[in-house]
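Visitor: There's a structure below that I have some questions on.
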Amino acid sequence: MSSGHVPVLFAETIGVLKPQSGDVYVDLTAGRGGHATAVAQQLGPTGRVVLFDLDRGNLDYSGDRVRAATGIEPVPVHGSFASVARELDARGIVANLVLADLGFASSQVDDPARGLSFMREGPLDMRLDCSSGMTARDLIASSSERDLAELIARFGEEPLARKIAAKIAAVRAVAPIETTAQLADVVRDAYGSRAHTSRMHPATKTFQALRIAVNDEMGALDALLDSIHRAAQRIHDGRPSWLAPGARVAIIGFHSLEDRLVKQAFAAMRRDGLCNEITSGALVCSEAESAENPRARSAKLRAVMVDSPSRVA
Ligand SMILES: C[S@@+](CC[C@H](N)C(=O)[O-])C[C@H]1O[C@@H](n2cnc3c(N)ncnc32)[C@H](O)[C@@H]1O
C-alpha cells in the first residue's frame, strides 16, 4: 500500500547520513516514514530511532512503519523540532544521525480537510498540528491588511502582496473567507489579467506564505539551527550535548527562505570551527527524480558533520 508520500533525495540522504549499526537516529520530520525506515534498516538491533512530527497521524504512521520493517521500537515525540534539545535531554538521548526534511508531506497536501492546497476545496486550516494553534482562516480574519501584506511579501516573496492583502481586506469586510477555493479566487482577482500570463497558479505564493506563518515554519527552523549550533559548541568545549561528536546532520529545504537559513547557519558553524560540510554546497535531485516526483524539483539537501574532522568521508 502506498504511504502517500515519496521521500525526496532518498539515495542522497542515506548517502550523507551513512547509517551504521548501533547509531542513534533522530528524524525531526518523520512524515510517512520513508527516510526513517530506510535509515532504521541499517541500524541493526542495537540502533535507536527517535521520531518527531507535529502531525499526530504521521507520527503514528511512521512509527508503525519503522517498527514493522525493523523491530526497533521508535521513541515518538509529538511536537516541533524547535524543542529537540529539551526533548532529547529529558530522555537522556544523544543523537549521531539527524534528519530534517522540511515542510509538509504529500498526504497532508492531498487531504482537502487540511486546507493546504488551492487545488482542493476545503476549510482554510493549514495547521500541520491540528490539535493546536491558529488556523489560516483565523489568521486572515484577525490580521490587519498591512500585516497580511507583509507576511505574503515575506514568506511568499509575492510581488503583488499589497494588492492581494487589499483584496482580502475588501472581501472579508463583507463575509469571512472560509475555504481554500474562496481564497484562491480572491488572489486570482487581485492578479487580474496577470493571472493569464503567470507561469504558476496565482495563489501559489500566497498559500505558501500563509502556511509558513500558521505553522511558524521559519521560527521553528531558526530555533532548530540555533540548537544545532549550540550543541556543536558544547561538543567543541567538551561539554555534554544532545549531539554526539561526529554526528551527521542533514536538512532538506524546499524554498529559498529555508535554504538560505540552512546555508547561513552551516557556514557560521564552519567559520566557528564546529563542523565540516559533508555536501559541498547543496545536493539537488537528478533529472530522473525530477520527472517522477515534481515535489523534488525544489529540494536542496545540505549536510554537516559536527566537530570530528577525522570521520568525514
Ligand atoms: C516532507 S514531510 C517528511 C517526509 C518524510 N521524510 C518521509 O520520508 O515520509 C515533513 C513532515 O514534517 C512535519 N513537520 C513540519 N514542520 C515540523 C516541525 N517544526 N516539527 C516537527 N515536525 C514538523 C510535517 O507534519 C510532515 O509530516
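Bear in mind these aren't lab numbers, they're just calculated from the coordinates by the rules spelled out. As the structure is a prediction and not an experimental result, all values here were calculated from the model. Positions of Cβ are generated from backbone atoms using ideal geometry, with glycine treated the same way; all protein chains shown enter the neighbour counts.
Visitor: For the chain, set up a GNM with springs between Cα atoms under 10 Å and report which of Val214, Val66, Val75 has the largest fluctuation.
Guide: It is Val75.
Visitor: Take the Cα atoms of the chain, build their convex hull, and give its volume per residue in Å³.
Guide: Working: hull volume 42.9 nm³, N = 313.
Hull volume normalised by residue count: 137 Å³.
Visitor: What is the fewest-to-most order of Leu97, Leu102 by other Cβ atoms lying within 10 Å of their Cβ? It would help to have the intermediate numbers written out before the result.
Guide: Numbers: Leu97 25, Leu102 22.
With the sparsest Cβ surroundings first, the list reads Leu102, Leu97.
Visitor: Sticking with this structure for a sec: Enumerate the amide H contacts of Thr179 below 5 Å, restricted to partners 5 or more residues apart or on another chain; note that Pro and chain-start residues carry no placed amide H.
Guide: Close amide H contacts, sequence-distant or interchain: Leu124.
Visitor: Further question on the same structure: Quick one: angle between helix 180-191 and the longest Cα principal axis of the chain, in degrees between 0 and 90, rounded to 10, please.
Guide: 70 degrees
Visitor: Counting alpha carbon pairs within less than 8 Å and at least 6 residues apart, what relative contact order, in whole percent, applies to the chain?
Guide: Numbers: 582 pairs, mean separation 55.2, N = 313.
It comes to 18 percent, rounded to a whole number.
Visitor: Now a separate question. Can you return the aspartates and glutamates within cross-link range of Lys163? Criterion is Cα-Cα under 19 Å, with same-chain partners fewer than 8 residues away left out.
Guide: Straight-line reach from Lys163, under 19 Å: Glu145, Asp147, Glu150, Asp185, Asp189.
Visitor: In whole Hz and in residue order, list the ³J(HN,Hα) couplings for the range 4-14 that follow from phi through the Karplus curve 6.51 cos²θ - 1.76 cosθ + 1.60, θ = phi - 60°; x for Gly and Pro.
Guide: Once rounded to whole Hz, the list reads x, 7, 9, x, 8, 6, 5, 5, 5, 5, 4.
Visitor: Output ³J(HN,Hα) for the range 211-223: one whole-Hz value per residue in order, computed from phi by the Karplus curve 6.51 cos²θ - 1.76 cosθ + 1.60 with θ = phi - 60°, and x for Gly and Pro.
Guide: 4, 4, 5, 4, 9, 6, 5, 6, x, 5, 5, 4, 5
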